[in-house]
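The values are calculated or read from the model by the stated rules, or taken from the named source; none is laboratory data. It should be emphasised that the depicted structure is a prediction, and the values quoted were computed from it without experimental measurement. Here the Cβ positions follow ideal geometry from the backbone for every residue, glycine too, while neighbour counts run over all protein chains shown. All accessible areas refer to the heavy atoms of the entire protein, side chains included, with ligands and DNA or RNA removed. Shrake-Rupley method; radii C 1.70, N 1.55, O 1.52, S 1.80 Å.
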Amino acid sequence: MEIAVISGKGGTGKSSLTAAFASLSEKVVLADCDVDAANLYILFNPSLEEEEVFVTGQKAVIDEDVCTSCGLCIDYCRFDAICEKDGRVMIFETACDGCGLCNRVCPSEAIKMVDEDKSKMYSGSFRHGEMVYGRLAPGEENSGKLVNLVRAKAKKIASDYQLDILIDGPPGISCATISSITGVDKVIIVTEPSISGLHDMKRALEITDHFGLDTSVIINKYDINECLSTEIEDFCRTRDIPIVGKIPFNRLIVNAMVNCKTVIEWAPDADLSHIIKECFQKISS
């Protein structure tokens, strides 16, 4: 079985709950597909058994020894990534889209296209099974493709060891989110009782509905605004979307994270842990 946990917005507690679910599994492949801000490896400290470079694209680099500062590349760059300063032509790395036009028009062949290869995929074992995660380097693109790489590796490991896959997807409805949920068996949307939480949950539901995915909702920190929690429940009821759990706000989760543990590991007998266990049982059944 392959289960993806997502959220319409950041800050709902998605990753904390995914980590707790992982610690409730006898053995699982945990895939951190939130490649723009992967953080589960900090909590679980997996062994590093494999590392793979992910080339996200290319960027333009000027050889100053060859460049004649003719300025032709400046005229052609539609992204305003090239300028002249103090008689030198410069390329703003973060603005360069990697289209390669400057490379083609440069009369002195002073501009080269080089791979953007700082992003990586990692895999190894952790205390509850196997873990795969990607880290997209700042300024690099194609997060959706990196997610695909992470999922492909997770599927291979799951096939080799006959394990289930648990995916921590990115927040929002970006390409990376779509790459995280396509073809999974179940999607869990973690929301919170706020205006933005309700709005963005609806957007996430539109995506899962579009792909015809089996979707459930968890309301995290439901007791910080019970009126909005009721509104979320009413909306889900009208759409026949199951709510598998309502989790109260509790500082135990923060205390556990500070100590690099999930709340299940930190306080296994707490009421909060029992509520999360009940959610997991419903999800995995």
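Listed by chain and number, the aspartates and glutamates placed with their C-alpha closer than 17 angstrom to that of Lys59 are Asp80, Glu93, Asp97, Glu109, Asp115, Glu116, Asp117, Glu140, Glu141; residues fewer than eight positions away on the same chain are left out. Three principal axis extents describe the C-alpha atoms of the stretch 1-130; from largest down they are 64, 32, 27 Å. One quarter of the surface of the convex hull around the alpha-carbon atoms of the stretch 190-285 equals 6.7 nm², the direction-averaged projected area.
Each eigenvalue of the Cα gyration tensor of the chain, multiplied by 5 and square-rooted, gives one semi-axis; in descending order these are 42, 22, 17 Å. Pairs from the list Lys221/Lys261; Lys155/Lys261; Lys27/Lys118 with a Cα-Cα gap above 21 Å: Lys155/Lys261; Lys27/Lys118. Can you figure out the FRET efficiency of Glu206 with Lys118, using R₀ = 25 Å and their beta-carbon distance, to the nearest 0.05? Using R0 = 25 Å, I get an efficiency of 0.15. Volume of the convex hull of the stretch 47-86 (Cα atoms only), normalised per residue: 154 Å³. Over all pairs of different C-alpha atoms, the stretch 104-179 has a mean inverse distance whose reciprocal, the Kirkwood radius, equals 14.7 Å. Between the exposed loop cleavage positions of the chain, defined as GluC sites (Glu not before Pro) in a non-H, G, I, E, B DSSP state with at most 13 neighbouring beta-carbon atoms within 10 angstrom, the longest gap is 110-285. Greater than 30 Å separation of Cα atoms is the criterion. Which listed pairs, Lys9/Lys277; Lys156/Lys246; Lys153/Lys277, meet it? Distance filter (> 30 Å) returns Lys156/Lys246. FRET efficiency for the pair Ser69 and Ser174, taken as 1/(1 + (r/R0)^6) with r the Cβ-Cβ distance and R0 = 35 Å, rounds to 0.35.
Using only alpha carbons, the stretch 85-237 has a radius of gyration to Kirkwood radius ratio (Rg to Rh) of 1.12. Per-atom-type breakdown for the stretch 122-226 gives carbon and sulfur 47% of the accessible area (1.4 Å probe, protein chains only).
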